[in-house]
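Contents: one structure, followed by commentary.
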Amino acid sequence: MGTPFDFSKPVLLKDAIGQMANTTEKGFDDLLVVKPDADNLIATLSDSDSKRSLKIYSSRNGLVVFTANSFDKNSTYNRGVGHPYEAVALEAQTLSDTPHHPSFGDVTLHKNETKSYEIKLVPEF
């Protein structure tokens, strides 16, 4: 609690990034632990200016938050030169290093085996 990684209640992303100004990363590229349940809201990303939001539900127990902190004038992308923080990505997945932490889940896929996970995105305009 009380760190830039505390998203237990709504937080302005720019404020959380601001708390990371003195870190090497200067933003997020991190895997956060979430409660896995396809009916459980794991994240909401919203823009107060446009009143748009995106709600994410997932049966996965992790959520990667990436804030494009490494984009700079030397980075070229499909739409031109990159700028720090011009994008945010949220990616639901299983917590990493599962072979060493069985409680994180099992991502082993054996021959002829199929696994599926549910991720639901609900946009609101």
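The values are calculated or read from the model by the stated rules, or taken from the named source; none is laboratory data. These figures come from a predicted structure and were not determined experimentally. Remember, those area values only see protein heavy atoms, side chains included, never the ligands or the DNA or RNA. Shrake-Rupley method; radii C 1.70, N 1.55, O 1.52, S 1.80 Å.
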* Full-stretch length increase - SER53, THR108 - with 0.36 nm per residue and alpha-carbon distance subtracted -> 16.4 nm
* Asked: How much of the accessible area of the chain, in percent, comes from carbon and sulfur atoms when a 1.4 Å probe is used?
  -> 52 percent
* Calculate, for the stretch 9-90, the solvent-accessible area per residue in square angstrom, rolling a 1.4 angstrom probe over the heavy atoms of the protein chains. => 66 Å²
* Asked: Looking at this model, which pairs from LYS9/LYS35; LYS14/LYS35; LYS55/LYS120; LYS35/LYS55; LYS26/LYS51; LYS26/LYS73 are more than 20 angstrom apart at the alpha-carbon?
  -> LYS14/LYS35; LYS26/LYS51
* Take the Cα radius of gyration of the stretch 59-115 and divide it by 2.2 N^0.38 Å, with N its residue count; two decimals is plenty. => 1.64
* To do: Go through (i) 66; (ii) 50; (iii) 54 and flag the label whose value is the computed percent of Cα pairs over 21 Å apart for this structure.
  => (ii)
